[in-house]
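What follows is a single structure, written as structure tokens, with notes after it.
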Amino acid sequence: MIFLDINTFYSPKAGGIRTYHQAKMEWFRNNPGMGYYLVHPGAARRERKEAANVTVAEAFGPRLTKDPSGYRLLIDFFHVFRLIRRVRPDVLEAGDPWLTGLFCLFLKKSGLFRGLLVSFYHSDPVPSYFEPWAAKGRMRAIKRLVVRLASALFYRLQKGYDLTAVSSKTMEDRLRSQGVRTVTYLPFGAPAFFLDDPDGEAKARPSGGAIRILYAGRLDQDKGIDLVLEALPEILSQGNVRVTVVGRGGRTPGFAAFKHDRFQFLGFINDPARMREIYDGHHILLAPGPYETFGLGVLEAMARGLVVVGPDLGGTGEMLKQAQSPFLFRAGDSRDFMAAIGKAIASPWEAESARSRGLAARYGTWDEAIGRMINRYSARLGAHAGAKPE
């Protein structure tokens, strides 16, 4: 099987290839009987071999920021088309529902690609972006109408894929409710060395030291980060609490400017080993984002025994319910968020920490997660009636 994966956005500064793609490259390296091509935007057309059966190809994409290492947007789809015709992949995975999605659907409908077309549905833009936009500012009635029309078109296009892969049951249910039937549930995993001691001691409330609270993720509005920034003074009013924030994004200036002797802002960290150390040095993770389709950072924190304060929606809410967590709050509700944090601070944690570790162990490693994905794609490909073009 030859697998070609198109990544529409790319930034070396943001950690290069995302964890999901890194895991796939590693899986294919360990399974040399199959081939993997990863396409992402760059300054020029070029290819490099990561292994005998793993190739990273760049197609031109302009910078979206003034920063030379900022995000680029793939636009050179003619080059991607030529690569597809040359490689003749069995599976083509679209990395976003907009430019790449429309491009791949065109290839499929026109007969220029006859393999298995997959959409890995990383997030649903309708509740994540469309609906919040329509609820703010002027002309809300018109905006809501635009959202309804755009949503109907969006979900109609989503039905055109041979298979739509999702990382949470929440997303699966949402798509099925919109009439998308060819959906498969493929949850992510955690780095193997995060799970190397699944029977390790559960975290317990420190008898004398500080309670350490962590936020790790993008510092953007859709992650619910404003709730954290708003809650900081009240959290730190308790003398036995320390707070660490890891990440970068639109709210970086607010956290960089916040000063307190029990607060530290570490910015972006791209080293998984360092992140494991940070998780191990904390007790509670704040994960307020209501639109998470999986909650990868939540799973990593759970693997290290942290208890999580998270919303009752999205992939994070799904995992916390699976772990029987008592620290759920009503999504977007700042007072309920603070109440859940207070409850977590006052809790002995050991039972919740043990359940966190157990849930992460059930999800398994990235290698296991990618293996599940490839097995599912192979099974679907075997039932696929089309033949590839000559």
Can you name the residue in segment 1-46 that is farther than 22 Å from Val118 by Cα and in a strand (DSSP E or B) and, of all such residues, is modelled with the highest pLDDT? Arg46
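Please specify each residue of segment 212-226 satisfying the condition of being without any contact (Cβ under 8 Å) to a residue 60 or more places away in the chain and within 17 Å of Gly315 (Cβ to Cβ).
Answer for segment 212-226, where residues must be without any contact (Cβ under 8 Å) to a residue 60 or more places away in the chain and within 17 Å of Gly315 (Cβ to Cβ): Arg218, Asp220.
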How many residues are in a helix (DSSP H, G or I) and β-branched (Val, Ile, Thr) when one looks only at segment 250-306? 3
Subset of segment 90-102, residues surrounded by fewer than 22 Cβ atoms within 10 Å (Cβ to Cβ) and modelled with pLDDT of 95 or more, comes to Asp90
Helices (runs of 4 or more DSSP H) contained entirely in segment 98-160, each with at least 3 residues that are under 26 Å from the mean Cα position of the chain (by Cα), under 30 Å from Arg86 (Cα atoms) and hydrophobic (A, V, I, L, M, F, W, C): 99-110
The listed residue being outside any helix (DSSP H, G or I) and either in the same structural domain as Phe268 (by TED's automatic domain parsing) or closer than 25 Å to Ala331 by Cα (or both), out of Asp197, Asp222, Asp173: Asp197
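Would you say Glu93 is under 20 Å from Arg29 (Cα atoms) and either aromatic (Phe, Trp, Tyr) or under 22 Å from the mean Cα position of the chain (by Cα) (or both)?
yes
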Filter pass, Pro206 being outside any helix (DSSP H, G or I) and either closer than 30 Å to Leu175 by Cα or assigned by TED's automatic domain parsing to the domain that holds Thr19 (or both): no
Got a number for residues in segment 51-68 being at pLDDT 95 or above, part of a strand (DSSP E or B) and either under 24 Å from the mean Cα position of the chain (by Cα) or among the small types (Gly, Ala, Ser) (or both)? 7
Can you name the helices (runs of 4 or more DSSP H) wholly within segment 311-390 that have at least 2 residues being of a type in the set (S, T, N, Q)? 314-322, 350-363, 366-382
Expected output for segment 328-340 (first residue closer than 15 Å to Asp222 by Cα, partner aliphatic (A, V, I, L, M) and assigned to a loop (DSSP other than H, G, I, E, B), Cβ below 8 Å, 6+ apart or cross-chain) is Ala331/Leu313
Any idea which residue in segment 170-224 is nearest to His282 (Cα to Cα), counting only those that are charged (D, E, K, R), in contact with a strand residue (DSSP E or B) (Cβ under 8 Å, 6 or more places away or on another chain) and at pLDDT 90 or above? Arg212
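Filter segment 231-258 down to the residues that are charged (D, E, K, R) and either surrounded by 15 or more Cβ atoms within 10 Å (Cβ to Cβ) or modelled with pLDDT under 95 (or both) and list them by number. Outline the logic, then answer.
Applying the first criterion (charged (D, E, K, R)) to segment 231-258 yields 234, 242, 248, 251.
Arg242, Arg248, Arg251, listed by residue number.
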Which one is surrounded by the fewest Cβ atoms within 10 Å (Cβ to Cβ), of the residues in segment 259-291 that are in contact with a helix residue (DSSP H, G or I) (Cβ under 8 Å, 6 or more places away or on another chain) and of a type in the set (A, V, I, L, M)? Ala273
Which members of segment 176-193 meet the condition of being surrounded by fewer than 19 Cβ atoms within 10 Å (Cβ to Cβ) and not in a loop (DSSP other than H, G, I, E, B)? Arg176, Ser177, Thr184, Tyr185, Ala192, Phe193
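The values are calculated or read from the model by the stated rules, or taken from the named source; none is laboratory data. Bear in mind the structure is a predicted one, so any value in this text is a computation, not a measurement. Positions of Cβ are backbone-derived with ideal geometry, glycine not excepted, and every protein chain shown enters the neighbour counts.
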